[in-house]
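K.L.:
Supplied in structure tokens, the structure appears directly below.
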């Protein structure tokens with residue numbers, strides 16, 4: 001099993017704060033979660049998360065995170081993030097680059113400057 005990177009932890013905690021009513025339950029899952037796989041796709045990365053079946057499920061949307069991004073060395077335009085849930089459990093964190101390649105980046109060593117940018121919905 002792999003450990004979460006500083007970038008992953010910062011992104012996940014920022015995503016949790018986007019839905020304050022779910023944040024405590026999501027953090028409880030994160031406390032017992034493990035990383036089973038991490039893939040640098042070149043356009044970003046995917047981190048597969050395992051949460052024990054004994055963990056309390058979270059009644060949440062299937063996808064969380066519309067506001068979280070990060071500036072990282074080596075990417076002029078930074079990263080955006082979404083968190084996929086599966087059956088009420090953390091499942092996959094996706095980090096996506098804005099038109100740049102992540103192929104040369106070591107995801108384990110990035111020191112992120114994570115931020116939230118509110119999404120303004122029309123209608």
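K.L.:
Evaluate Rg over Rh across the stretch 41-107, taking Cα atoms for both radii and Kirkwood's formula for Rh.
P.N.:
1.05
K.L.:
On to the next question. Got a sec? How would 89, 27 order by Cβ neighbour count within 10 Å, fewest to most?
P.N.:
Exposure proxy ranking, most exposed first: 27, 89.
K.L.:
Against the globular-protein guess of 2.2 N^0.38 Å, express the Cα radius of gyration of the chain as a ratio, rounded to two decimals.
P.N.:
In units of the 2.2 N^0.38 Å rule of thumb, it is 1.02.
K.L.:
How long is the gain from residue 9 to residue 92 if the chain were fully straight, where each residue apart is worth 0.36 nm and the alpha carbon distance is subtracted?
P.N.:
28.6 nm
K.L.:
So, one more: Mind checking the angle between helix 6-18 and the chain's longest principal axis? C-alpha axes, 0 to 90 degrees, to the nearest 10.
P.N.:
In the chain, helix 6-18 runs at an angle near 60 degrees to the longest axis.
K.L.:
Quick one: 115, 16, fewest Cβ neighbours within 10 Å first, how do they rank?
P.N.:
In order of increasing Cβ crowding within 10 Å: 115, 16.
K.L.:
Also: Find how many whole Å separate the alpha carbon centroid of the stretch 55-123 from the alpha carbon centroid of the stretch 6-36.
P.N.:
Between the Cα centre of the stretch 6-36 and that of the stretch 55-123, the gap is 11 Å.
K.L.:
Any idea what angle helix 20-32 forms with the longest principal axis of the chain, computed on alpha-carbon atoms, 0 to 90 degrees, nearest 10?
P.N.:
The helix 20-32 is inclined about 90 degrees to the chain.
K.L.:
Here's a follow-up. Compute the length gained on full extension between residue 50 and residue 113: take 0.36 nm times their separation in residues and subtract their Cα-Cα distance, giving the result in nm to one decimal.
P.N.:
20.1 nm
K.L.:
Along each of its three principal axes, how wide is the spread of alpha-carbon positions in the stretch 71-118, in whole angstrom units, largest first?
P.N.:
Sorted largest first, the three principal extents are 35, 26, 20 Å.
K.L.:
Full extension from residue 63 to residue 27: what is 0.36 nm times the residue separation minus their Cα-Cα distance, to one decimal in nm?
P.N.:
Computed gain between residue 63 and residue 27 is 11.4 nm.
K.L.:
Sorting 85, 1 on the 10 Å Cβ count, fewest up front, what's the list?
P.N.:
1, 85
Read-outs throughout are calculated quantities, based only on the coordinates presented, and are distinct from any laboratory measurement. Because the structure is predicted, anything quoted here is derived from the model rather than measured. Note: ideal-geometry Cβ built from the backbone for every residue, glycine included; neighbour counts use all protein chains shown.
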